[in-house]
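The values are calculated or read from the model by the stated rules, or taken from the named source; none is laboratory data. Remember, predicted model here, so these are calculated numbers, not experimental data. Positions of Cβ are backbone-derived with ideal geometry, glycine not excepted, and every protein chain shown enters the neighbour counts.
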Amino acid sequence: MQQTRTAQDPFALLPLYKYLRVVDVCDAMDGIGYFNIGLMWPEIRPLWSGIRFWGVALTLRCVPANRPMWRLHSTEEIVNAHGHWFREVPSPSLDGLIRPGHVLVTDTGGSGEVGYWGSNNSLGAIAAGAVGIVTDGYCRDTAELVRQRTPICARARGRTIIPGRIELVEVNTRIGCGGAQVRPGDIVGCDDDGVIVVPLEIAEEVAVHARAILLADMRGRRALYQRLGMPLDETVDYEAVEAYYRELG
């Protein structure tokens, strides 16, 4: 299956990243002189063990809210607090922007504790096609996020909601998230080791080197598995990975 891959279409590069680990990509970027580029703070972690994704960055830039939330006077109003807030403090819409394969990367602008991403709106993003969410702030409803297996990476777990705390001011712009620059179209990956951002202009080259690093590691560990009498698993099945990339072309 031959893929057409161009710098103008980052989504066409995603098949190259299917089996790659964050560490493989990190090593490959080191190898071409991109030391520490794209590494997000180690505090930005997958919420649950086993999260793994590669996708194309769709960026969100937020800032701390510039006004407090006002007092609400009924249970009905309190339940619909977000609706009241967004009518008074409008924000850019993501409707129609999320494509299958996107990773939503959120710069919270130094906002305090606020669960910009929770169990409801994150699930909506996944339903729209996102393969992951990354934020340098908080996420909330974390028990539900884990139960839903929502692929989200955050700096911390929080409790509070958006009104009066944070505003989304711009989408699909260059941002800083967790110490890394992220641009729309860059490749973003996550696994248990953390999050890395690959600048689009080097993404294809990095994938080629990272694949070789991964396969060398798989072969080496396969030999050690056999030496130690350990049952083989998919992490040392280098034949399957080689076959995949041969078919990819």
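Considered as a group, the residues in the stretch 107-134 that are touching a residue at least 40 places away in the same chain (Cβ under 8 Å) and closer than 26 Å to PRO15 by Cβ include one that is farthest from the chain's Cα centre (by Cα), and that residue is ALA130.
Among the residues of the stretch 167-177, is any farther than 20 Å from VAL89 by Cβ, surrounded by 24 or more Cβ atoms within 10 Å (Cβ to Cβ), free of Cβ contacts under 8 Å to residues at least 60 places away in the same chain and in contact with a strand residue (DSSP E or B) (Cβ under 7 Å, 6 or more places away or on another chain)? The answer is no; no qualifying residue exists. LEU72 meets all of the listed conditions (1) closer than 22 Å to GLU201 by Cα; (2) aliphatic (A, V, I, L, M); (3) over 17 Å from the mean Cα position of the chain (by Cα) but one, namely (1). Among the residues of the stretch 39-69, those identified as assigned to a loop (DSSP other than H, G, I, E, B), surrounded by 12 or more Cβ atoms within 10 Å (Cβ to Cβ) and touching an Asp or Glu at 6+ places or on another chain (Cβ under 8 Å) are MET40, TRP41, ILE44, ILE51, ARG52, ALA65. Please determine whether any residue of the stretch 83-96 is surrounded by 12 or more Cβ atoms within 10 Å (Cβ to Cβ), touching a Ser or Thr at 6+ places or on another chain (Cβ under 8 Å) and outside any loop (DSSP other than H, G, I, E, B). Looking for residues that are surrounded by 12 or more Cβ atoms within 10 Å (Cβ to Cβ), touching a Ser or Thr at 6+ places or on another chain (Cβ under 8 Å) and outside any loop (DSSP other than H, G, I, E, B), one finds none in the stretch 83-96, hence no. In the stretch 141-157, which residues are in contact with a strand residue (DSSP E or B) (Cβ under 7 Å, 6 or more places away or on another chain) and not in a loop (DSSP other than H, G, I, E, B)? Hits for the stretch 141-157 are THR142, LEU145, ILE152, CYS153, ALA154, ALA156, ARG157.
Within the stretch 8-36, residues that are assigned to a helix (DSSP H, G or I) sit with their Cβ atoms under 8 Å from residues that are buried (at least 17 other Cβ atoms within 10 Å of the Cβ) and of a type in the set (Ser, Thr, Tyr), at 6+ positions apart or across chains, in these pairs: VAL25/TYR17.
Quickly run through the stretch 223-244 and pick out the residues that are within 20 Å of ASP191 (Cβ to Cβ) and without any contact (Cβ under 8 Å) to a residue 60 or more places away in the chain. Working first, answer last.
First, pick out the residues of the stretch 223-244 that are within 20 Å of ASP191 (Cβ to Cβ): 233-238, 240-241, 244.
Matches in the stretch 223-244: ASP233, GLU234, THR235, VAL236, ASP237, TYR238, ALA240.
Going by what's in this entry, would GLU167 be described as under 16 Å from PRO64 (Cβ atoms), at pLDDT 95 or above, in contact with a Gly (Cβ under 6 Å, 6 or more places away or on another chain) and not assigned by TED's automatic domain parsing to the domain that holds TYR17? No: the conditions fail for GLU167.
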